[in-house]
Structure formats: structure tokens, C-alpha cells
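Okay, so here's the structure we're looking at.
The values are calculated or read from the model by the stated rules, or taken from the named source; none is laboratory data. All figures in this text were calculated on a predicted structure; none of them were measured in a lab. Here the Cβ is made from the backbone with ideal geometry for all residues, glycine too, and neighbour counts use every protein chain on show.
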Amino acid sequence: MECLIKRVKQIFQSSIQKCFPTINEEAVVTYANMKFGHFQCNNAINIYKKYGKELNFENAHKVSLSIIENINENLFDDINASPQGFITVKISKDYIEKSLLKLYKNNKININVDMDEINDGNNAKYENVLIDFSSPNIAKEMHVGHLRSTIIGDSICKIFEFLKVKTHRVNHVGDWGTQFGMIINYIITNYPNYKEEMPELKSLTLLYQEAKKCYDNDKDFEIKSKEYAIKLQEHDEDCRYIWTKICEASKKEFNNIYKILDIKLEYYGESFYIPKIPSTLEILKDKNLLTNIGDALCYKSEKYTVPLFLQKSNGGYGYDSTDITALYYRLKVLNVDSIIYVTDNGQLSHFETLFELCKQAEWVDDDVKLIHVGFGLVLNTDNKKFKTRSGTNIKLINLINEGTERAKKDLMERIKLKSDEEKSYFDG
């Protein structure tokens, strides 16, 4: 099997070397916006900035045209240069058809995959991988924003499983932190007999929204909520009881959606790592990688401006604490050689900072891959991010149900079912 992006990169590398034999420029090829093509080469802009005057080019567009002129390949149906200098290509239909026919003839179940091509020629080996995806928050219903992480993550898992690679499907659910102190405070305040009569947990999102209103508007409620969060961390019996009930109710709802989507996951919530945080922080302290900002224990990145807060000033732990501990556990206990995080692009710098700390702590070597697979946000009609606390989010279960009903209606209209038996199949 051929690694397509690798071949496209080789084609552009060859053309750049023919055009500019005196300069050392590595081809930069990425996936393109599908409106314009399948792949995109970005080198013309950089070449013009560095060598434009020396090479007598008027602009980056002229550089891109020169690169195109030196491409003599039947792999592409279409090659275009934008005014800015971006080159986009479309893979030929003939190539795609022949490749699919080859897959069919070989019987894809028995394809002999060249892992060196998949690794793009580096030393990494995919033998034991972990994909961190979906990851909804306990006490909140899954919303439309969770769909892409869930589907993309599952697709990546299926690829590795197809390649016979040991694959961990991890659901890093948000089941810890200040929000639980907030909900626990709300339940204890408003339902004093909660052990005998727990509030209806089918409406967890509404419960969360009401608790958030109190937290935002009542300073005493905010202070008390933070105290309950610490108590939960210290295994207070009442706090753990409420927390357990909330987690059970949420996971039941999550599993209903995963069953519909045919998604399989292992639950490793933030709470799983809480007991392991102190020992992980000690390892980092011993390597002199942490510093204090006020009374908080932090890691200051060399590249990114936002530090990791690994222990709060009140002694509590947050997302940064559990994320770095999860990384250590996955690398040193599960012994995975690759970890792939599937989240929105807004979290890229957070994960890059975690990866940087990991490398400085010498938890990884060149054979280990730490990867963030990002995607955009689902926006509302005002082009703003949906927020659970404001009640504006579209519930994922509602989206799935509506999509199912629309598909069913369209199918019934198109195929004009002839018998009651066929009709009952779709009703069932």
C-alpha cells in the first residue's frame, strides 16, 4: 500500500530541487480545503520570502507557477496556483479507481501494510497505541460538539485495529474538579434528605445549570463549593456518595449514545488519576522542572505563554494535574508507544505544553509519538461557541434522533415500500 501524502510530497520535493538546485528547501505538503483540492503545497511563499529577489521572482505566485511547470506526473487531474502562492492538487480519478480495484482484487482483509510508510520513514513503531477521544463531562449531557471527537477517534481506532495494532480506546471523562463541589453543594443545600430522596438525575444538565447560577451569583456559595471540592478529594463520605450517584447516572446516558453509534470505549475518568498525582508531581519536582506562581505549583513552558497549574494554591488539583498524571501512567504503566488526543484545536497549545514537559522529564524517547488531532468548533447561528451552562447547546441525542427520523422519512418516500412487512422493519 502506498502512503499517498508521502508520494505527493516526493513529487513536490523533486520539482523544487529541479527549479531551485542551489537552495535547500524541504517540501511542505498538507491536506487542502476540499473546495480547492486534495493536497496543498506551501513552499512557494517561503521561497519567495527568502530568495525572491535573488532568483528574480516578482511574487510568490510566479514561484508557484515555476514549481508546477516542473511537475510531470499522471497522479494529478488538476493543479492550481492561487494568487498568494498556494499550490493545490486533485488526485486523478484514474489513480483512485485503479487503487480501489487493487484493494478489491487483493481482498483488503489480507493486505500486507508497510508500517514504515505509515510511520513516514521515522523510527517510531505503532505497536501499542492509545487514543483519547470523546471525553464528555459527567453531570452534562453529550452535545453536538462531542460528535466529531467521538467519530474521528473511533475511526482512528478502527484503522489501528485493522492493522493488528494493540489499541486502547480511552474515554477520559471529566468526573472531577470544582464543578462537582458546586453540584454537591447545590444538592446538600436544596435536598437535605438526599440519601433517602436523591433529586431526579435524568435532568443532570438542569441541575448543573442551576448550581452554576448560584456559583456565579453567590460568593458564599462559591466558597462553600470549593470547600466541597476539596472534601471530595479527601474522600469525604457524603461527597463521595453524591458524586458516585451522579457518575452512574451520567455514564448510563453516555452508554445509550455510544450503543446507538456502535462506539466502544474504556472509561478512565480524571478521578482515576487523582491518587497518582502526588507521586507524579514528586518526580517532576526531583527533576527541578516545576516552579511556584504565588502558592500554586506550575510548569512554565519555553514556547507557550500559559503555564500548567499542577497544584492550586488551595492544594487542589485541576485538568493540568490529571492530564500530566494520565500521560505518565499511559507511558510508564501501560507502556504505550503512541498517544493520540482527539480534541478541538483550541486545546492544541495545552497538549503541546504537556508534551514539552513530558520530553523534559525524559518520559519519552524518539520512538514514542505524542500527537494531537484537532478539529474546529460547532458554532451557533451567531458564530459563537455553544455553552452547556447557558442552555444553548444542541443535545447529541436530539441530533441523532432527528437525523434518524429524516433519513427514515426520505427512505420511505424514495423506495415506496410495497408491503406492510417491509414498512414494519423500518418502524421497528
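Observations on the model:
- Restricting attention to the stretch 215-271, the residues being out of contact with any Cys (no Cβ under 7 Å at 6 or more places or on another chain), over 16 Å from residue 139 (Cα atoms) and not aromatic (Phe, Trp, Tyr) number 25.
- Check on residue 40, outside any helix (DSSP H, G or I) and under 27 Å from residue 92 (Cα atoms): yes
- Scan of the stretch 46-80 for residues that are polar (S, T, N, Q) and within 19 Å of residue 26 (Cβ to Cβ), ordered by number: 46, 64, 66, 70
- Scope the stretch 41-87; condition of a type outside the set (A, V, I, L, M, F, W, C) and buried (at least 20 other Cβ atoms within 10 Å of the Cβ); matching residues: 43, 48, 64, 85
- Qualifying positions in the stretch 300-319 - buried (at least 22 other Cβ atoms within 10 Å of the Cβ) and closer than 12 Å to residue 284 by Cβ: 308, 310
- Scanning the stretch 232-248 for residues that are surrounded by fewer than 17 Cβ atoms within 10 Å (Cβ to Cβ) and part of a helix (DSSP H, G or I) gives 237, 238, 240, 241, 244, 245, 248.
- Some residue of the stretch 85-106 being at pLDDT 95 or above and either more than 32 Å from the chain's Cα centre (by Cα) or among the hydroxyl-bearing types (Ser, Thr, Tyr) (or both): yes
- Residue count for the stretch 218-231, restricted to those that are touching a residue at least 60 places away in the same chain (Cβ under 8 Å) and surrounded by fewer than 13 Cβ atoms within 10 Å (Cβ to Cβ): 0
- Count - residues of the stretch 141-192 that are within 26 Å of residue 264 (Cβ to Cβ), among the hydroxyl-bearing types (Ser, Thr, Tyr) and out of contact with any helix residue (DSSP H, G or I) (no Cβ under 9 Å at 6 or more places or on another chain): 2
- Residue selected from the stretch 43-65 under the condition within 38 Å of the chain's Cα centre (by Cα) and of a type in the set (S, T, N, Q), by the criterion nearest to residue 90 (Cα to Cα): 64
- Residues considered: 191, 215, 208. Of these, the only one that is crowded, with 18+ Cβ neighbours inside 10 Å and at pLDDT below 95 is 208.
- Complete set of residues in the stretch 194-205 that are surrounded by 13 or more Cβ atoms within 10 Å (Cβ to Cβ) and within 15 Å of residue 141 (Cβ to Cβ): 201, 203, 204, 205
- Filtering the stretch 249-290 to residues that are crowded, with 17+ Cβ neighbours inside 10 Å and of a type in the set (Phe, Trp, Tyr) leaves 254, 258, 268, 272, 273.
- Enumeration of residues in the stretch 323-361 that are assigned to a loop (DSSP other than H, G, I, E, B), surrounded by fewer than 19 Cβ atoms within 10 Å (Cβ to Cβ) and either in contact (Cβ under 8 Å) with a residue 40 or more places away in the chain or within 14 Å of the chain's Cα centre (by Cα) (or both): 334, 335
- Annotation: of all residues in the stretch 149-186 being surrounded by fewer than 21 Cβ atoms within 10 Å (Cβ to Cβ) and under 30 Å from residue 220 (Cβ atoms), the one that is nearest to the chain's Cα centre (by Cα) is 174.
- For the criterion of being more than 24 Å from residue 93 (Cα to Cα) and in contact (Cβ under 8 Å) with a residue 24 or more places away in the chain, residue 31 fails.
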